[in-house]
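Reading through the structure tokens given below for one structure.
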Amino acid sequence: MAFFASFRRSARLRSVLLGMAATQALTACTMIPNYKRPQPPLAKTWPAYQSTGGSQLEQTAADIGWRDFFTDPRLQALIAIALRENRDLRSAAASITEAQGQYDVQHAGLFPTISASGGPIYQAPSSAAGLSFAPGLYQGKGGQAYGGGHVFKYYQGGIGFSAYEIDLFGRIRSLSREAAEHALYEQENLRAMLISIVAQVAIAYINWLGDHDTLALSEQTLSTQQQTLALIQAKYQHGEADLLTVRQAETQVEQSASMKADAQRRLEQDENLLTLLIGAPIPADLPPPRPLGQQTLMADIPAGLPSDLVARRPDVVGAEHDLLSAQADIGAARAAFFPRLTLTATDGVSSLQFHQLFTKGATTWGLNPSLQIPLWTWGQNSGNLKQAKSRRDQKIAAYEKTVQSAFREVADALAARKAYLDEVEQADALVASTGDAFRLAKMRFDAGTDSYLTTLDSQRSYLQAQSSQITVAVSKYQNLVTIYRSLGGGWREQSAPKPGQQATQATQATQATQATQATQATQATASATR
């Protein structure tokens, strides 16, 4: 206890630390270049032909939580499992922790690493060393000599720091800023991966629903055609139908059976893909799926302005943090051209005799400033600066390309949205017309006024129209998910409250606080009255 009390009594080390804190505050500037966000050549509004019409939604896609966007309970359960079990998300989360740890390490360089040390020194110099000691001061136990000399004893203990750099020109601060921007980049990368996982699960699930409907259609068609084949075979046995009609009906049955097998194969592959995406086997107790088209209650999403992508889409924001990290690296490379001031300071006790180590006279301190001025680096510093500027230029190009790619992705999704809406109407009309044609052809065949070939062609066209209707519906709803993802939606679980809702919540909180205070005041008054 007396050992540490001697340090507390000494104010020298604290004075040194306070002086360094003042120096760091005065030298808080860095040599990081002034940043101006690059402006890639983009249109200020989306092309007119890509507009899907007005939307009644007040929130942008980035503010809509995936639980509010996807209303199918089975799909919500699958997404929740994916976000919990997906291995890519786990790896991305670990990368964020690693980047945050790297920032902590780099930021710690702004402060001295204080440590305590102590211990004895025992040394027995030889007689040939030419050392002479005062009689009785350094003799060993019992006055015994070692190697012709006496044992030298020295005890010391102290607290301090060594090689602490005063960040005069912001080199350490620039490196700390670089690590911070890299951590933010990893965080946006995780958000982008969250969006991607949510969209991939939703798209795979919609595809599974489409193949499920296709399988049901093929089973229904196969059952109907098997009944028709049985009827035609019965007519053939009674001489009311020819062998060609039987063979045509058999061909149609085999084609429908092949269609069923293909739909079953694709359905199983969809389940395998969902298993991979969610990172675990599909549970058997999931809620029943809703029909295709009822996965979301939203028929459209407001696209907003292209400038919204720069502020809300995670991959664009992450690319900007990556650019800012390269900017900070330039500041560190510039600071390397200037002198570095380092300090080593100690405060402690020392004595030649152990029983005097904790006395007042044993206190000691030391301060060792060091100034390092680069004179000839043979192009090392200039080369590092050249590399840093080159990396910054590469990050600028990467950022602009990311923005342009995001713009094109949204524009393509909006263009496809308009096309799919038209295709859905055409597919519905085609199913209606081919279905009516098949009904009329079957009536003519049953009445004996037309051959089975006409009925066969009409049924085949009707089946193709129904299959195409399912395919177009799947593409339409998958495109809606793509728009949601490309606009930056999907990284929130719950939607962000609207500005009006925030004000209402704040008003309710204030009213609740006022009511609580009034109740407490009433109770206090009643107690005082008693």
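Bear in mind these aren't lab numbers, they're just calculated from the coordinates by the rules spelled out. These figures come from a predicted structure and were not determined experimentally. A quick note on method: Cβ atoms are made from the backbone with ideal geometry, for glycine too, and the neighbour counts reach across all protein chains shown.
Table for the structure above
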item: Net charge, Phe169 excluded, C-beta distance under 12 Å - Lys, Arg +1, Asp, Glu -1; result: +2
item: Length gained when the stretch Leu453-Cys29 is fully extended (0.36 nm per residue, less Cα-Cα span); result: 144.0 nm
item: Whole-angstrom gap from the range 247-319 to the range 427-484, using each part's C-alpha centre; result: 23 Å
item: Spin-label proximity, Ala496 to the range 187-209 - amide N less than 20 Å from point 7 Å beyond Cα toward beta carbon; result: 187-199
item: Separation of the Ala432 and Ile121 label points, Cα + 7 Å toward Cβ, nm; result: 10.0 nm
item: Length gained when the stretch Gln39-Ser162 is fully extended (0.36 nm per residue, less Cα-Cα span); result: 39.6 nm
item: Length gained when the stretch Leu305-Gln59 is fully extended (0.36 nm per residue, less Cα-Cα span); result: 87.3 nm
item: Distance (nanometres) between label positions extended 7 Å along Cα→Cβ at Lys360 and Trp378; result: 5.7 nm
item: Local electrostatic count at His212 - Lys and Arg +1, Asp and Glu -1, tallied over other residues with Cβ under 15 Å; result: -3
item: The range 231-356: C-alpha gyration tensor shape, a/c 1.5 cut-off, then a/b vs b/c; result: prolate
item: Unit charges on C-beta of K, R, D, E only; dipole of the range 199-291, Debye; result: 80 debye
item: Within-14-Å neighbourhood charge of Glu425 [Cβ basis; K, R +1; D, E -1]; result: 0
item: Ala241 long-range amide H proximity, modeled H, under 5 Å; result: Tyr236
item: Spread of Cα-to-Cα distances over 10 Å intervals beginning at zero, given as percent, for the range 145-245; result: 10, 12, 11, 11, 10, 10, 8, 7, 6, 5, 4, 3, 2, 0
item: Directionally averaged shadow of the range 354-507, computed from the convex hull of its alpha-carbon atoms, nm²; result: 29.6 nm²
